[in-house]
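*Asks:* Sharing a structure with you now.
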Amino acid sequence: MLAKHDALNNANKALRQELEEAIGDARKYYAFPYDLDNLGRDAGENSFIAIVHADGNGIGKRVLQLTEKFATPDKTART
């Protein structure tokens with residue numbers, strides 16, 4: 001969990017640095033939430049966020065094939 005927190009902090013710092021180089025002091029204009037529920041809304045409002053993943057290498061299709069192959073308990077491998 002600590003590694004994820006450190007990675008998030010490093011990504012946040014890098015984003016701030018990129019924006020600062022592009023537009024000046026990013027802290028004056030942007031706040032970067034650590035929780036997706038706080039992204040793009042004010043307190044008391046509903047939050048509707050979708051995470052979209054572009055499956056360029058086709059791994060999603062492979063996962064679907066596995067779920068079809070092992071769809072029921074009788075089809076799962078017994079060890």
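The values are calculated or read from the model by the stated rules, or taken from the named source; none is laboratory data. Since we're looking at a predicted model, the values are computed, not measured. All Cβ positions, even for glycine, are placed from backbone atoms using ideal geometry, and neighbour counts span all protein chains on display.
*Asks:* Return yes when N9 is modelled with pLDDT of 75 or more, part of a loop (DSSP other than H, G, I, E, B) and of a type in the set (S, T, N, Q) and no when it is not.
*Replies:* No, not satisfied.
*Asks:* Being part of a helix (DSSP H, G or I) and surrounded by 10 or more Cβ atoms within 10 Å (Cβ to Cβ) narrows it down to one of A14, A22, so name that one. Full working, then the answer.
*Replies:* On the way: A22 fails: surrounded by 10 or more Cβ atoms within 10 Å (Cβ to Cβ).
Exactly one of A14, A22 is part of a helix (DSSP H, G or I) and surrounded by 10 or more Cβ atoms within 10 Å (Cβ to Cβ), namely A14.
*Asks:* Now for a different question. Write out, first by first residue and then by second, each pair whose Cβ atoms fall under 6 Å of each other, whose residues are 6+ apart or on separate chains, and whose first residue, in segment 14-27, is at pLDDT 80 or above while the second is in a helix (DSSP H, G or I).
*Replies:* That search, which allows pairs on different chains as well, returns R16/A26; L19/A26; E20/A26.
*Asks:* Would you confirm whether any residue within segment 68-75 is modelled with pLDDT of 85 or more and not in a loop (DSSP other than H, G, I, E, B)?
*Replies:* Yes, some residue in segment 68-75 is modelled with pLDDT of 85 or more and not in a loop (DSSP other than H, G, I, E, B).
*Asks:* Okay, moving on. Residue under question is G40, and the condition is that it be in a loop (DSSP other than H, G, I, E, B), surrounded by fewer than 10 Cβ atoms within 10 Å (Cβ to Cβ) and not polar (S, T, N, Q); does it hold?
*Replies:* Details: in a loop (DSSP other than H, G, I, E, B): yes; surrounded by fewer than 10 Cβ atoms within 10 Å (Cβ to Cβ): no; not polar (S, T, N, Q): yes.
It is false that G40 is in a loop (DSSP other than H, G, I, E, B), surrounded by fewer than 10 Cβ atoms within 10 Å (Cβ to Cβ) and not polar (S, T, N, Q).
*Asks:* When you look at R62, is it basic (K, R), in a loop (DSSP other than H, G, I, E, B) and either surrounded by fewer than 10 Cβ atoms within 10 Å (Cβ to Cβ) or at pLDDT 80 or above (or both), yes or no? Outline the logic, then answer.
*Replies:* Numbers: basic (K, R): yes; in a loop (DSSP other than H, G, I, E, B): no; either surrounded by fewer than 10 Cβ atoms within 10 Å (Cβ to Cβ) or at pLDDT 80 or above (or both): yes.
Criteria not met by R62.
*Asks:* Further, regarding this structure: Would you tally the residues in segment 25-37 being surrounded by 10 or more Cβ atoms within 10 Å (Cβ to Cβ) and basic (K, R)?
*Replies:* Summing the residues that are surrounded by 10 or more Cβ atoms within 10 Å (Cβ to Cβ) and basic (K, R) in segment 25-37 gives 1.
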